[in-house]
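Notes follow the structure.
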Number of protein chains: 4
Amino acid sequence: MAYTFEPGKMYRMPTHFGPSLGPRQGPAGRKFTSPESHHTTSWSVQFLSDPAQLEALLPPCFALAGEPLVTVAFTEYTHIEWLAGRGYNTLGVSFPARFDGQEDHAVGEFLTVLWENLADPIITGREELGFSKIYCELPMPIEHEGETHCIASWLGFTFMDMRLTGMAPAEIPTSAPAPDDGILRGTLHYKYMPRTGEWGAADAAYPVLTPAETPRLVVHEVLQGAGAVQWHEAAWEDLPTQYTVVNAFAGLEIREYCGATITRSTGSKDLSDQRILK
Amino acid sequence: MAYTFEPGKMYRMPTHFGPSLGPRQGPAGRKFTSPESHHTTSWSVQFLSDPAQLEALLPPCFALAGEPLVTVAFTEYTHIEWLAGRGYNTLGVSFPARFDGQEDHAVGEFLTVLWENLADPIITGREELGFSKIYCELPMPIEHEGETHCIASWLGFTFMDMRLTGMAPAEIPTSAPAPDDGILRGTLHYKYMPRTGEWGAADAAYPVLTPAETPRLVVHEVLQGAGAVQWHEAAWEDLPTQYTVVNAFAGLEIREYCGATITRSTGSKDLSDQRILK
Amino acid sequence: MAYTFEPGKMYRMPTHFGPSLGPRQGPAGRKFTSPESHHTTSWSVQFLSDPAQLEALLPPCFALAGEPLVTVAFTEYTHIEWLAGRGYNTLGVSFPARFDGQEDHAVGEFLTVLWENLADPIITGREELGFSKIYCELPMPIEHEGETHCIASWLGFTFMDMRLTGMAPAEIPTSAPAPDDGILRGTLHYKYMPRTGEWGAADAAYPVLTPAETPRLVVHEVLQGAGAVQWHEAAWEDLPTQYTVVNAFAGLEIREYCGATITRSTGSKDLSDQRILK
Amino acid sequence: MAYTFEPGKMYRMPTHFGPSLGPRQGPAGRKFTSPESHHTTSWSVQFLSDPAQLEALLPPCFALAGEPLVTVAFTEYTHIEWLAGRGYNTLGVSFPARFDGQEDHAVGEFLTVLWENLADPIITGREELGFSKIYCELPMPIEHEGETHCIASWLGFTFMDMRLTGMAPAEIPTSAPAPDDGILRGTLHYKYMPRTGEWGAADAAYPVLTPAETPRLVVHEVLQGAGAVQWHEAAWEDLPTQYTVVNAFAGLEIREYCGATITRSTGSKDLSDQRILK
């Protein structure tokens, strides 16, 4: 007898071994809610860029919102509950955008791409959440003589160097309650899944939102200082699946660097509040 | 101005940097057709199992076909054209099945899971083709004193050991033309993509077929001998995203080993003939 | 003209490119003295064993000292100055011993072996210091549900699992000044370098001491709790260069576990006070 | 009772677990003599350089011999018997030199440095043989559109790219018997082991020879074509233990490239004929 899909359970390929295992569903449907999950350190650098260049990275349903301020963030996660205590690193590039749809209005950081150094969260993040996650190597940042050096490479080709210097303790920001203006707030993404055999068509193509609320998040330390990021232009031979991504960033105008931040925190959420924008 | 999707071009997340790059679409839409692409060595072991156990791994639209003969295949690919000459390894588990739909009838190996040790082909294979690809480490097989030892692990937890011994040259099989019986032949898969926010619902869920024809494939050498495969039962803590997969194989009855094969070949195809079964 | 060795400078193979670079000599003879060097976290487990088994691991010039208390310590180092900010992990096994020579008397932990996951400190440590360093993989410990799990493997073969539980803050020990009894204190090693061509003879074979004093060391946090360590017996095929080491530990009697400790500290020294015992 | 060293057996740190395990001594003193050991592929590029620059890389006891022809060779070894079937890769740089001592006269390639991507053979090779082995990452060469690309990096910093093109089958050279002129032939090295505590002094410092004879070596295929090698100048921060080595090669004049060779062979020897030159 062939198996049947259990109603109400989440599935992911391969579907043949029962409901999926991941951040939003553990063994026997278990949820992951530990406040101790996710020990997080994030190193980020911001700069003002050319608004026209950023707009050209937005899918039709989004528009630039406010200043053309690009954030490049390298993040280390450890103690992840759904990975039974393991961790991984990420590198994301975002800028502020807004969505004005038939039903929903939303503003937030538009996450153009999120590199991760572990395939399992890449797969769940792309398919369940619509995050534009792809793979690269993200070794632990090197700290030396007051400088932190974050590196990203793919099969040995280094495509980004980010450096933070002069980091000094800063006030931990208190998150003001969001204004009650009917506008959704969070991280913006565009989910796209190609249709098999009908090349160029999609099984799914829709904007999605990661709501900003993260009740279990506790920020322990914030440092601020200066930073810079350098992208290394790549040939197809260097990055055959990603050179267009890296070269877009290498070609972004840097009008002015706007500082660097290191944030240490604990707590996360399972992102089961991820939703389609309509 | 936001970007627009170029009609007729394939896309994959992130869609914001132009058409996707992968096996079926290179820079400027280039196709990959080199007969030199894919230098392949495959080590496989077969055994007869319990048909009821195998049927329980089949989605509703498939049925067991013929003998309950499981094939475990560890494969090394190098010289891959779409990766600009790089390679990766895979580990697949399959058994014969059939599909009888409203329009299509197909028989072939049902590929329950395909581990790969590189995220880029995992992503393209899952999303464009519907292969049940997941990640693990697949180091090069160890050859010593006439035995070849293939190993699979995930973040250090070894979950499979396969050993081949007494491998002697065998005749290279000539592929007979498929009978003209209207039945499709190839590898069978079940594509499933979850829908964001509507947990338990799917953006896509359909059977797919990789047609058997591979005109550029040239088999250079076939060796046959004996083999055995051992799966190591895992706790959730050991393999938090995959223990159900490994434990299903660890629990499969091995009624009789049916030999081992090593095959060396060159040539492949871009799998753009992958199709939905209806 | 061939090069000549600069007098007073340290050298290491290859000697052809100028004085060596390492912990005790940087570019242009620079010393590494930053108090910020070495951010260290150490996870250790102790147990009482059979004194006769431990004595059998001692070279002729050493004797067991006091209780047969074995310490297994997994240590993570980051921010290492001589590596320009990089780090590495180690796994050591030691027990208390004494040396009574013609000139020197010394007591301390006898370091039977120190695995490290980076070749550069292995080479300098063996050749310059006489540490019995060998290589293995030492991934970051996994912390989950109150348990820390340290793992050691070699080319994928896991040979040790160590687990610490119930770790609670403890007092930071104040290091009492060593008694003025003429006895040297520190870590004991036996340096041995084989002579080329005269197989079985040695270029060097002598006991060495790492003096205990580490003025720049600052301990920030100590946690104590329970722990256990498990060694996995190996065949020659599993660990062809190290199975005798691992099997010796796998065969050690564990009479009683004596607790586990986590220590976080900063500061180190360059070990240029390493000395031969006479 | 402390252990004693077994006479006639080879030892290496840690000496506490019995005689050493390595290429020249296996379990119970076993020798490794299989003609199937070492499946080898070597990619090499040669160029003429400035003789004065090469002489400056020679220890006092050696002199340049003949043309200043530098060979850079990237080699993949698999099926290594003493590693129970595993393998590793190497990258060596050599040029012809001669030794005229009080007793011995020798000519051959002077191996300035040999990078390897596995610590175990680095340790045995340095200490037992006097090879100037150090560590780096040496991924499998990338073959694409008729070009083979060999890469060397250290913790992610790529310091060498070598490319071979237009490789065509060539005659397999027959090794003529060495002339009976009393001159030793093989690979030349300079072994140096520092003395602990007496910084700048040596426990051992002597020239050594790897005799050329390798009776079990069978060359299966030779290809010849063109090639080029590029070294990337490094700061201390990039390669804190090796930047002087890489920068010496980056600064070598390339007067004329002299072709590239790919050689496939099987068979090796245990190098127990390695000897001190006097």
Review point. Out of D:Lys9, D:Lys31, which single residue is basic (Lys, Arg) and without any contact (Cβ under 8 Å) to a residue 60 or more places away in the chain?
Key: D:Lys9
Point to revise | Positions within the stretch D:264-278 being under 20 Å from D:Glu81 (Cβ atoms) and either at the interface with chain C (Cβ under 10 Å from one of its Cβ atoms) or touching a strand residue (DSSP E or B) at 6+ places or on another chain (Cβ under 7 Å) (or both), in sequence order | key: D:Arg264, D:Ser265, D:Thr266, D:Gly267, D:Leu271, D:Ser272, D:Asp273, D:Gln274
Practice item. Looking only at the stretch D:93-106, count how many residues are surrounded by 23 or more Cβ atoms within 10 Å (Cβ to Cβ) and either facing another protein chain (nearest Cβ under 8 Å) or under 22 Å from D:Lys278 (Cβ atoms) (or both). Key: 3
Check your understanding: Given the conditions (1) more than 7 Å from every other protein chain (Cβ to nearest Cβ); (2) open to solvent by less than 10 Å² (accessible area, probe 1.4 Å); (3) closer than 26 Å to D:His105 by Cα, which single one is not true for D:Val45?
Key -> (3)
Review point. If C:Thr210 passes every condition in (1) farther than 22 Å from A:Met140 by Cβ; (2) surrounded by fewer than 17 Cβ atoms within 10 Å (Cβ to Cβ) but one, which one does it miss?
Key: (2)
Check your understanding: Can you name every residue in the stretch B:49-89 that is open to solvent by less than 40 Å² (accessible area, probe 1.4 Å), of a type in the set (Phe, Trp, Tyr) and under 26 Å from B:Ala228 (Cβ atoms)?
Key -> B:Phe74, B:Tyr88
Review point. Is one or more of the residues making up the stretch B:223-232 closer than 22 Å to A:Arg86 by Cβ and either more than 9 Å from chain A (Cβ to nearest Cβ) or not β-branched (Val, Ile, Thr) (or both)?
Key: yes
Study note, to complete from the structure: Going through (1) surrounded by fewer than 17 Cβ atoms within 10 Å (Cβ to Cβ); (2) of a type outside the set (A, V, I, L, M, F, W, C); (3) over 30 Å from A:Ile276 (Cα atoms); (4) out of contact with any helix residue (DSSP H, G or I) (no Cβ under 8 Å at 6 or more places or on another chain) one by one, B:Ser265 fails only at (1)
**Study point:** Members of the stretch B:117-168 found to be acidic (Asp, Glu) and more than 17 Å from B:Asp270 (Cα to Cα), listed by number
**Key:** B:Glu137, B:Glu143, B:Glu145, B:Glu147, B:Asp161
Revision key, fill the gap. Given the conditions (1) closer than 30 Å to C:Glu145 by Cα; (2) surrounded by 17 or more Cβ atoms within 10 Å (Cβ to Cβ), every one holds for B:Ala235 apart from (2)
**Study point:** So A:Gln274, is it within 21 Å of the chain's Cα centre (by Cα) and open to solvent by less than 50 Å² (accessible area, probe 1.4 Å)
**Key:** yes
Review point. Do we have B:Ile123 as closer than 28 Å to C:Leu155 by Cα and in a strand (DSSP E or B) here?
Key: no
Point to revise | Considering residues of the stretch B:91-120 that are in a strand (DSSP E or B) and of a type in the set (Asp, Glu) only, the residue farthest from B:Met13 (Cα to Cα) | key: B:Asp100
Review point. Just for strands (runs of 3 or more DSSP E) wholly inside the stretch C:161-278: which have at least 1 residues that are free of Cβ contacts under 8 Å to residues at least 24 places away in the same chain?
Key: C:184-194, C:202-211
Practice item. Looking only at the stretch D:29-40, decide whether some residue is within 19 Å of the chain's Cα centre (by Cα) and within 22 Å of C:Pro14 (Cα to Cα). Key: no
Practice item. For the stretch D:20-37, enumerate the residues that are more than 8 Å from chain C (Cβ to nearest Cβ), open to solvent by 20 Å² or more (accessible area, probe 1.4 Å) and either in contact with a Phe, Trp or Tyr (Cβ under 6 Å, 6 or more places away or on another chain) or among the hydrophobic types (A, V, I, L, M, F, W, C) (or both). Key: D:Ala28
Point to revise | Of all residues making up the stretch B:124-143, the number that are buried (at least 22 other Cβ atoms within 10 Å of the Cβ) and among the hydroxyl-bearing types (Ser, Thr, Tyr) | key: 2
Revision key, fill the gap. Here the qualifying pairs (Cβ atoms under 7 Å; residues six or more apart or on different chains; first in the stretch D:52-63 and at the interface with another protein chain (Cβ under 8 Å from one of its Cβ atoms); second surrounded by 17 or more Cβ atoms within 10 Å (Cβ to Cβ) and among the aromatic types (Phe, Trp, Tyr)) come out as D:Leu58/D:Phe110; D:Pro59/D:Tyr190; D:Cys61/D:Phe99; D:Phe62/D:Phe99; D:Phe62/D:Phe110
**Study point:** Qualifying residue in the stretch B:166-179 (condition: among the hydrophobic types (A, V, I, L, M, F, W, C) and touching a Cys at 6+ places or on another chain (Cβ under 9 Å))
**Key:** no
Practice item. Take the stretch C:144-163 and flag every residue that is more than 20 Å from the chain's Cα centre (by Cα) and crowded, with 21+ Cβ neighbours inside 10 Å. Key: C:Thr148, C:Phe157
Exercise for review: From A:Ala201, A:Ala170, grab the single residue that is of a type in the set (A, V, I, L, M), surrounded by fewer than 17 Cβ atoms within 10 Å (Cβ to Cβ) and within 14 Å of another protein chain (Cβ to nearest Cβ).
Suggested key: A:Ala201
**Study point:** Residue list for the stretch A:2-24, filter: under 17 Å from B:Ala204 (Cα atoms) and aliphatic (A, V, I, L, M)
**Key:** A:Met10, A:Met13
Review point. If a residue has to be within 30 Å of B:Phe32 (Cα to Cα) and within 13 Å of chain B (Cβ to nearest Cβ) to count, how many in the stretch D:115-152 make the cut?
Key: 13
Review point. Taking the stated definitions as given, is A:Thr174 among the hydroxyl-bearing types (Ser, Thr, Tyr) and farther than 26 Å from B:Thr15 by Cβ?
Key: yes
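The values are calculated or read from the model by the stated rules, or taken from the named source; none is laboratory data. Keep in mind it's a predicted model, so treat the numbers as computed, not measured. Backbone-built Cβ (ideal geometry, glycine too); neighbour counts: all protein chains shown. With ligands, DNA and RNA removed, areas are computed over all heavy atoms of the protein, side chains included. Shrake-Rupley method; radii C 1.70, N 1.55, O 1.52, S 1.80 Å.
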